[in-house]
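Asks: I am attaching a structure below and will ask some questions about it afterwards.
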Amino acid sequence: MKNSIQQQKPKDSQSYWITPDASEKFSVASTPIEIEETESLVEAILAEFNNTDELLIPEMRIKLNNWLSTMTEEDLELINSEKIRDFIYEMF
Amino acid sequence: MKTFRQIIRYDNLLGHTYVPNQNVRLRYGNDGYFIKTDQHGFRNSENSLPGKKTILLIGDSFTAGDGVPNESRFSDFLQKELDCKVINLAVSGFGADQQILTYEKFSDQFPHDCVIFAPHLDDLKRNLLEAREGIDKSTGKATLIPKPYFTIDKDTLVLNNVPVPMERNGIEDSNESPNTNSFFSRAKNYMSRRVLKNQLHPEFSDTNSAEWTLMHKLLERLIHAVGERPLIIAPIPFYDSVTYKEEPFYLNEFQKHQQNNIRVLDIATPINSVHSIENDEIFLPLCGHFTKKAHKLVADVISAELRSSLSFLMRETIQQEDCSTDNFVLGISCFYHDSGAALLKNGEVIAAAQEERFTRVKHDKAFPGNAINYCLEEGRVGINELKAIVYYDYETWTIERVLHNSLAIGGKGDEFWGKAQKSLFAKLKLPHIIRKETNYEGKIFKTQHHVSHAAGAFYTSPFEEAAILVIDGVGEWACSTIGSGEGTKLEILAQQHYPHSLGLLYSALTYFCGFKVNSGEYKLMGLAPYGNPTFVDTIKEHLVDIKDDGSIFLNLKYFSFLEGERMTNDAFAALFGGPERPKETDITRREMDIAASIQAVTEEIVIKMANHAYKITGKKNLVMSGGVALNCVSNGKLYDATPFTDFYFQPASGDAGGAVGCALNWYFENVSDAKRINQPNAYLGPAFSNDETAAFLETKDLTFHKFEKQNRAAEIAELLNNKNIIGYFDGRMEFGPRALGNRSIIANPMDVDMQSKLNLKIKFRESFRPFAPIFAEERTQDYFDFDRPSPYMLVVRNVKDSLLINPSTDHLETDNMIEVVNQKRSELPAITHVDNSARLQSVNKDQNKRFHDILMEFEKRSGKAVLINTSFNVRGEPIVCNLNDAYKCFMRTNMDVLVLNDYYLIKSEQSDWDEIENWQETFELD
């Protein structure tokens, strides 16, 4: 199973540049991940992966499922709680 | 209701009105609405209906339409339903006394056929007040704001407090304020009523009370002023009166004035009939004002009365509002280093701003609700009129990369993954957050991080064709990208993936030298000229393998960013003779030499990457973006070390700038007849009109002056030539990390003491970094070793030899950087770095005529069209955004003069400064 974090320097390499897959569009709709149901969302995320060995997918599916099944709307509320600042205009 | 603007101005008769000629989008909960004001300072929609009957409306916030846009108010519904024109002269916070004074002052200027007077029942109490409570936004203190008021003397109304005093008295303890009908106490009562739901208004049942006696007198005065015209009196009930279906007890009192041409309308009963606590469609949840539905109900009641009793004709059809055919696209960047938003109109970037400017939290990474609001305001467009919202992150690829990262580090992987989960969840749920925070219902797209940077650099550049180079820490997988741009097409040719990142390498050294990652990199760059590049070989032998084509491979043995938290490890420290420098401790020669070394390595890599980009694209121009493109020293080297003929560095190369690029990429991929419009400058943020500026100054009762229009530049130049330090606030705010002359502190660069004075008394820092020059573009070659424009302060070049007076290499030996930096080494000492370089910002007439005029006037006096330009802020504070930010920064520091558009303030003429906020602790040191 190949991890895509390359930690060992490839031997005899003349360049570390890679050629990305040709892409017709670099802006894509967010619709596939705008779903709430966890299993479907996990599959939607996995479907967008483009740098993962097929053999790693089952392990990642488990991690994603475990992760998303513990996350709630409240976790999103926390994201913004730090920045709530009152700068209501001086009306009176 | 939130805004960063001044929307209320002082009025010597009425107390206040709105600021004239505004079109402001107020944030309201997760939504927002526009308020438009006319030349007199009223929320009076533009309507030219010659020959139509005209209704003139006076009232308070309910009639003015707090919480809803102009077109959703009962005044505007009336105009649609009746064949007439409606002039809405209502103002938030007015009592009946101020409403009647408004009528008396403006009735002659607005010929009209009918008057509607819509007092809120709370006016019974407001009318007795001499002042209302508010909060001074600058000092944070509660203040009493005077208003006009009437008393009765021998059965005659006597007007008091006119001219309304400008002076505001502070309130030491608002809880013990004698003003029991204060803003605070009323707000408290209001909440209490909403919660307790059992306190109605027995206080108004005494018809002989002072409140009713004064209201009757005021009505008599209004009726006299209205004369023979029809007058509709439509009292607005209390919230709880509606909630508990209270009989409109007060109507009897108003009806005492009813005559043939005077009608008292009951709007409470129809509202009562549709209102329920469970499904409140009448009162807005946050402020308690009327909803659009309630406004429509009120309009129906009034129009029925006008049609039946007063023979106004109803229109047969309701006019449809014009639908915009413009193509608006909103770009968003958030949850990384700097949040921001940008708005395209038909492919042109018409607005962009960083969230930090509004929240005053440096590098704020939260959802950019304020920046979005500003962009919509600038575009005069509603959120659901957008063709698309685009954000700059393939979050699924980022999740993929983090998963790989967690697997790569073995036993620590679970901990790493656990730490990343909340942050990743926010990124994953960004579409959901966008919809929730903005009520947006349209299409949402995402653009790759590096493609966004690439598009932001290429499509805003002046080049028809260009090679594109993006270098930063990491975006999804990519750490560096080479692309090619032609016309409206963009192609990605080569990338380097995480973790082999020049940005992360530079950040690791930034961290090791004791500076903050993602913000302290520019300090390391500024430190480099003090050092000798003695660690270059160490870095290249152990930390990074550099190929001839600029591609790199990091030796992960020395880094710990894969495990999160720290950037470097003990092995790394061993290479540099010991552990990292603790933050805020003295900088030693080691850090100077490390800075010089990593800067040299960075330049080598960037030059090699650029040369490779030239080789594989064959283009003659290069555009750059990503955080490394803010390294203006390496940018400056590209001119001599690569074959490219011209360069463009995106001025917002950091993460906030991704908001521009993601939207541009979507636009050019999805609009078939798209045409490119290059971005002529970086002034994409909010401006503040002279009306708004005057309102700010007058409302605060500040001592200020107005420039003579023809002499503005000359007067400012004279102040500068006399060694005054000026906080300069003019026009639209810059987008990107640099202040480029519209939110700048400016001073005379020829004064040898100016650098230390600016550092110690204004910026409150002991800086080893020199200030940047801002100069007339046509004088570039007179002062610098450079022959091209540099409008974005993104190129470092040497000061011209002929201006150098004391070349020295002391800085390469001593540890006392402050002493070295304050040495006079050129005729422009405050902007000349220890290696005789300078960070260049040129200005021409097309980009910023008003600043260019100042430079040329300064040249007449000093002989040089060049000034010091440093950002208008103190250390750790975001650059000032609005008038209040600028005023506060001016008062907190030792600046001599504050220029606010066409006005200026002199420090010695201002009152002593006293504020609640301990601002020196508010701003986190960078």
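The values are calculated or read from the model by the stated rules, or taken from the named source; none is laboratory data. These figures come from a predicted structure and were not determined experimentally. Cβ atoms come from the backbone with ideal geometry, glycine included; neighbour counts cover every protein chain shown.
Asks: Looking at the structure I just gave you, is B:V874 in a loop (DSSP other than H, G, I, E, B), β-branched (V, I, T), surrounded by fewer than 22 Cβ atoms within 10 Å (Cβ to Cβ) and touching a residue at least 60 places away in the same chain (Cβ under 8 Å)?
Replies: yes
Asks: May I pose another question? Within the bounds of region B:354-367, is there any residue that is at pLDDT 95 or above, among the basic types (K, R) and closer than 30 Å to B:A886 by Cα?
Replies: yes
Asks: Would you confirm whether or not region B:838-849 contains a residue that is among the aliphatic types (A, V, I, L, M) and under 28 Å from B:I587 (Cα atoms)?
Replies: The answer is yes; a qualifying residue exists.
Asks: Given the criterion modelled with pLDDT of 90 or more and aromatic (F, W, Y), identify the matching residue among B:F290, B:F283, B:F312.
Replies: Going through B:F290, B:F283, B:F312 in turn, just one is modelled with pLDDT of 90 or more and aromatic (F, W, Y): B:F290.
Asks: Using the structure shown, decide if B:E81 is more than 26 Å from B:L214 (Cβ to Cβ) and over 33 Å from the mean Cα position of the chain (by Cα).
Replies: yes
Asks: Within region B:823-836, can one find any residue that is among the hydroxyl-bearing types (S, T, Y), under 28 Å from B:E734 (Cα atoms), out of contact with any His (no Cβ under 6 Å at 6 or more places or on another chain) and at pLDDT 95 or above?
Replies: No, there is no match, as no residue in region B:823-836 is among the hydroxyl-bearing types (S, T, Y), under 28 Å from B:E734 (Cα atoms), out of contact with any His (no Cβ under 6 Å at 6 or more places or on another chain) and at pLDDT 95 or above.
Asks: To continue, here is another question. List every residue pair whose Cβ atoms lie under 9 Å apart, where the two residues are 6 or more positions apart in sequence or sit on different chains, the first residue falls within region B:293-307 and is closer than 17 Å to B:I58 by Cβ, and the second residue, located anywhere, is of a type in the set (K, R) and part of a helix (DSSP H, G or I).
Replies: Between residues of region B:293-307 that are closer than 17 Å to B:I58 by Cβ and residues that are of a type in the set (K, R) and part of a helix (DSSP H, G or I), the close pairs are B:A299/B:K80.
Asks: Of the residues that sit in region B:5-21 and are part of a loop (DSSP other than H, G, I, E, B) and over 26 Å from B:N370 (Cα atoms), which one is nearest to the other protein chains (Cβ to nearest Cβ)?
Replies: B:L14
Asks: Would you point out the residue of region B:292-309, among those that are in contact with a Pro (Cβ under 9 Å, 6 or more places away or on another chain) and among the β-branched types (V, I, T), that is farthest from B:V68 (Cα to Cα)?
Replies: Filtering first and then ranking leaves B:V301.
Asks: Scan B:A342, B:A351 and give me the residue that is under 30 Å from B:R743 (Cβ atoms), away from chain A (no Cβ under 12 Å) and in contact with a Phe, Trp or Tyr (Cβ under 7 Å, 6 or more places away or on another chain).
Replies: Details: B:A342 fails: in contact with a Phe, Trp or Tyr (Cβ under 7 Å, 6 or more places away or on another chain).
Exactly one residue qualifies, and that residue is B:A351.
Asks: Using beta carbons and a limit of 6 Å, which pairs, at least six apart or on different chains, have the first residue in region B:521-541 and of a type in the set (S, T, N, Q) and the second one in a loop (DSSP other than H, G, I, E, B)?
Replies: none
Asks: On to the next question. Looking at region A:7-21, I want the residues that are without any contact (Cβ under 8 Å) to a residue 12 or more places away in the chain and facing another protein chain (nearest Cβ under 7 Å) and have a partner that is among the charged types (D, E, K, R) and assigned to a loop (DSSP other than H, G, I, E, B) with Cβ atoms under 6 Å, at least 6 apart or on another chain. Which pairs are those?
Replies: Correct list of pairs: A:S15/B:K547; A:S15/B:D549.
Asks: Being in contact (Cβ under 8 Å) with a residue 40 or more places away in the chain, in contact with a Leu (Cβ under 8 Å, 6 or more places away or on another chain) and farther than 23 Å from B:P680 by Cα narrows it down to one of B:L828, B:L855, so name that one.
Replies: On inspection, the qualifying residue turns out to be B:L828.
Asks: Something else: Do the conditions hold for B:Y530, that is, is it surrounded by 15 or more Cβ atoms within 10 Å (Cβ to Cβ) and within 14 Å of chain A (Cβ to nearest Cβ)?
Replies: Spelling it out, it is not the case that B:Y530 is surrounded by 15 or more Cβ atoms within 10 Å (Cβ to Cβ) and within 14 Å of chain A (Cβ to nearest Cβ).
Asks: Here's a check for you: in region B:905-925, which residue that is touching a Phe, Trp or Tyr at 6+ places or on another chain (Cβ under 8 Å) and modelled with pLDDT of 85 or more is farthest from B:R892 (Cα to Cα)? First the steps, then the outcome.
Replies: Looking only at region B:905-925, we keep the residues that are touching a Phe, Trp or Tyr at 6+ places or on another chain (Cβ under 8 Å), and these are B:905, B:907, B:920.
Adding the requirement that they be modelled with pLDDT of 85 or more leaves B:905, B:907.
Details: B:L905: 14, B:K907: 11 Å.
Out of the qualifying residues, it is B:L905.
Asks: From the list B:Y511, B:Y506, which residue is within 22 Å of B:Y336 (Cα to Cα), in contact with a Lys or Arg (Cβ under 9 Å, 6 or more places away or on another chain), assigned to a helix (DSSP H, G or I) and more than 14 Å from chain A (Cβ to nearest Cβ)?
Replies: Result: B:Y511 is the single residue among B:Y511, B:Y506 that is within 22 Å of B:Y336 (Cα to Cα), in contact with a Lys or Arg (Cβ under 9 Å, 6 or more places away or on another chain), assigned to a helix (DSSP H, G or I) and more than 14 Å from chain A (Cβ to nearest Cβ).
Asks: Could you please give the count of residues in region B:87-112 that are within 14 Å of chain A (Cβ to nearest Cβ) and either touching a residue at least 60 places away in the same chain (Cβ under 8 Å) or closer than 21 Å to B:F77 by Cβ (or both)?
Replies: Looking only at that region, the number is 6.
Asks: Quick one: in region B:356-368, which of the residues that are surrounded by 24 or more Cβ atoms within 10 Å (Cβ to Cβ) and within 11 Å of the chain's Cα centre (by Cα) is farthest from B:K436 (Cα to Cα)?
Replies: Taking the candidates together, the pick is B:R357.
Asks: So, of the residues in region A:53-92 that are under 18 Å from B:L430 (Cα atoms) and among the charged types (D, E, K, R), which turns out to be modelled with the highest pLDDT?
Replies: Applying the filter and picking the extreme gives A:E73.
Asks: Let me ask you something else. Condition check: within 22 Å of B:S308 (Cβ to Cβ) and among the basic types (K, R). Does B:K85 satisfy that? Please lay out each step first, then the result.
Replies: Details: within 22 Å of B:S308 (Cβ to Cβ): yes; among the basic types (K, R): yes.
Yes, satisfied.
Asks: Give me a count of the residues in region A:29-50 that are buried (at least 17 other Cβ atoms within 10 Å of the Cβ), part of a loop (DSSP other than H, G, I, E, B) and either touching a residue at least 12 places away in the same chain (Cβ under 8 Å) or not small (G, A, S) (or both).
Replies: Count: 1.
Asks: Considering region A:53-63 alone, what residues qualify as being more than 7 Å from every other protein chain (Cβ to nearest Cβ) and either in contact with an Asp or Glu (Cβ under 9 Å, 6 or more places away or on another chain) or in a loop (DSSP other than H, G, I, E, B) (or both)? Spell out the reasoning first.
Replies: So the first thing to find is which residues in region A:53-63 are more than 7 Å from every other protein chain (Cβ to nearest Cβ), and the list is A:53-59, A:61-62.
Those that are more than 7 Å from every other protein chain (Cβ to nearest Cβ) and either in contact with an Asp or Glu (Cβ under 9 Å, 6 or more places away or on another chain) or in a loop (DSSP other than H, G, I, E, B) (or both): A:D53, A:R61.
Asks: Restricting attention to region A:28-52, which residues are more than 7 Å from chain B (Cβ to nearest Cβ) and of a type in the set (G, A, S)?
Replies: A:S40, A:A44, A:A47
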